[in-house]
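What follows draws every value from the coordinates through simple rules; no lab data is involved. Being a predicted model, the structure only gives us computed values, none of them experimental. No Cβ is skipped: glycine too gets one built from the backbone with ideal geometry, and neighbour counts run over all protein chains shown.
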Amino acid sequence: MITPLVAERVRQSPPRHLSILPGSTPVPFRGNQPGAQVATVGINPSVREILTRSGAEWAGTQRRFETLSSLGIGSMTGASDETVERVVQRCLTYFMANPYRSWFDPLEPLVDDLFGASYDDGSACHLDIVQWPTQPLWGQLASTTRTELTTSGLALLREQFSGDALQCAYLNGRTVCEAVGTFVPLSARTARFKDRGPVRGFFHGTYEGVHVVGCSSNLQVERLRAGERSEFRTWIVDECRRDLALTAPRRPVS
């Protein structure tokens with residue numbers, strides 16, 4: 001069932017001044033959002049989810065999401081129920097088709113080790129603070145633009161955190177932790193990987209029975225020595241388990 005807030009977001013045409021990728025449609029979630037027990041949370045969808053490196057839209061079996069072009073319309077404003085369903089269906093079946101592997105492959109083993117869940121079997125899904133890809137990329141946007149986009153996206157994320165199925169969420173990166181912390185009371189601490197290098201922040205809290213943990217490190221872009229990526233992921237899992245032990249989820253993830 002498509003909730004009213006999801007339908008409203010899908011039908012929304014973004015303000016032109018917010019650097020939204022032209023022709024893209026909102027991505028309210030990826031995977032089995034209504035039924036997943038675990039969610040990972042990121043900032044926003046990548047332009048690479050929509051466009052190839054040459055700037056052409058993905059097409060055929062490579063297409064990940066609908067666009068205004070693929071839908072044959074000029075705007076999502078006033079889109080029919082059938083059009084909204086097409087957009088949402090792409091999101092529901094995302095991990096069954098052509099997911100952005102270079103982004104989600106590092107998160108899949110973390111989700112498995114930490115929660116015993118998987119994107120592939122529908123026990124995990126992915127949510128974003130901002131439901132549109134941006135151009136230029138997020139880190140190149142003006143701070144005022146990032147703030148406006150974050151503020152506008154949090155209402156949907158808050159609703160998704162209130163769903164009956166969701167038990168646990170992992171926040172991937174400092175920006176995500178700080179944004180979610182505006183509606184989830186998060187405790188924070190720091191730790192060092194192998195007792196050296198930069199300090200990383202770890203966050204934990206609960207929201208309507210959902211146990212939330214996160215790390216300031218963005219797992220996919222973390223700069224590590226050769227051969228350390230798997231060990232670093234295991235370290236994050238171990239640190240998050242310490243925080244999970246402080247407050248039990250409302251029921252174990254199956």
- Message: If I compute Rg and Dmax of the Cα atoms in Å from the structure I just sent, which labelled value in (1) 17.8, 55; (2) 19.7, 72; (3) 18.0, 60 lines up?
- Response: (1)
- Percent of all Cα-Cα pairs per 5 Å bin for region 1-64, counting from 0 up to the last occupied bin, reads 3, 13, 21, 23, 22, 13, 4, 0
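What percent does the relative contact order of region 42-146 come to when contacts are Cα pairs within less than 8 Å and at least six residues apart?
It comes to 40 percent, rounded to a whole number.
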- Task: Sum up the charges of everything whose Cβ sits under 13 Å from the Cβ of Asp113, counting Lys and Arg as +1 and Asp and Glu as -1, but leave Asp113 out.
- Result: -3
- Message: Using a Förster radius of 25 Å, what is the FRET efficiency between Arg63 and Ala155 based on their Cβ-Cβ separation? Nearest 0.05, please.
- Response: 0.35
- Query: Classify region 33-93: rounded, prolate or oblate, from the alpha-carbon gyration tensor (a ≥ b ≥ c, eigenvalue square roots; a/c under 1.5 rounded; otherwise prolate if a/b is larger than b/c)?
  - Reply: oblate
- Query: Considering only the other residues whose Cβ falls under 15 Å of the Cβ of Asp243, what net charge follows from Lys and Arg at +1 and Asp and Glu at -1?
  - Reply: +1
- Note on the structure: region 146-254: relative contact order from alpha carbon pairs under 8 Å, six or more residues apart, as a whole percent, is 28
- Query: According to a simple spin-label model (label point 7 Å from Cα along Cα-to-Cβ), what is the distance in nm between Arg229 and Ala188?
  - Reply: 2.8
- With +1 at each Lys and Arg Cβ and -1 at each Asp and Glu Cβ, the charge dipole magnitude of region 110-186 around its Cα centre, to the nearest 20 debye, comes out at 400
- Message: As a test of the formula, what do you get for the chain when each DSSP H run with n ≥ 4 contributes -39,500 (n - 2.57) and the sum is divided by the residue count, at 222 nm and rounded to the nearest 500 deg cm²/dmol?
- Response: -9000 deg cm²/dmol
- Helix 81-92 versus the longest principal axis of the chain: what angle, 0 to 90°, nearest 10, using Cα atoms? 30
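What is the calculated FRET efficiency for Asp105 to Ser13, with r their C-beta to C-beta distance and R₀ = 30 Å, to the nearest 0.05?
So, using R0 = 30 Å, E works out to roughly 0.35.
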- region 8-86: trypsin sites (Lys or Arg not before Pro) in DSSP coil with no more than 15 other Cβ atoms inside 10 Å: Arg53
- Out of Pro4, Phe115, Asn172 - ranked by how far each Cα lies towards the positive end of the dipole of the chain, with unit charges on the beta-carbon of charged residues - the top one is Asn172
- Item | Extreme residue, positive dipole direction of region 19-87, given options Ala79, Thr67, Ser19 (C-beta unit charges) | Ser19
- Task: For region 5-53, give the magnitude of the charge dipole about the Cα centre (Cβ charges: +1 Lys/Arg, -1 Asp/Glu; no others), in debye to the nearest 20.
- Result: 140
- Net charge near Arg48 (other residues with Cβ under 12 Å of its Cβ; Lys, Arg +1; Asp, Glu -1) is +1
- What's the extension gain from Ala165 to Asp120 if we count 0.36 nm per residue and subtract their Cα-Cα distance? 14.5 nm
- In debye to the nearest 20, the charge dipole size for the chain, taken about the Cα centre with +1 at each Lys and Arg Cβ and -1 at each Asp and Glu Cβ, equals 700
- Message: Would region 28-177 count as rounded, prolate or oblate if I go by the C-alpha gyration tensor, calling it rounded below 1.5 in a/c and otherwise prolate when a/b exceeds b/c, oblate otherwise?
- Response: rounded
- Item | Gyration tensor (alpha-carbon) shape descriptor, region 141-212, a/c threshold 1.5 | oblate
- Task: Rank Gln89, Trp235, Ala39 by how far each Cα sits towards the positive end of the charge dipole of the chain (+1 on Lys, Arg Cβ; -1 on Asp, Glu Cβ) and give me just the farthest.
- Result: Trp235
- Query: Considering only region 131-254, what is the antiparallel percent among its DSSP beta bridges, to the nearest 5?
  - Reply: 70
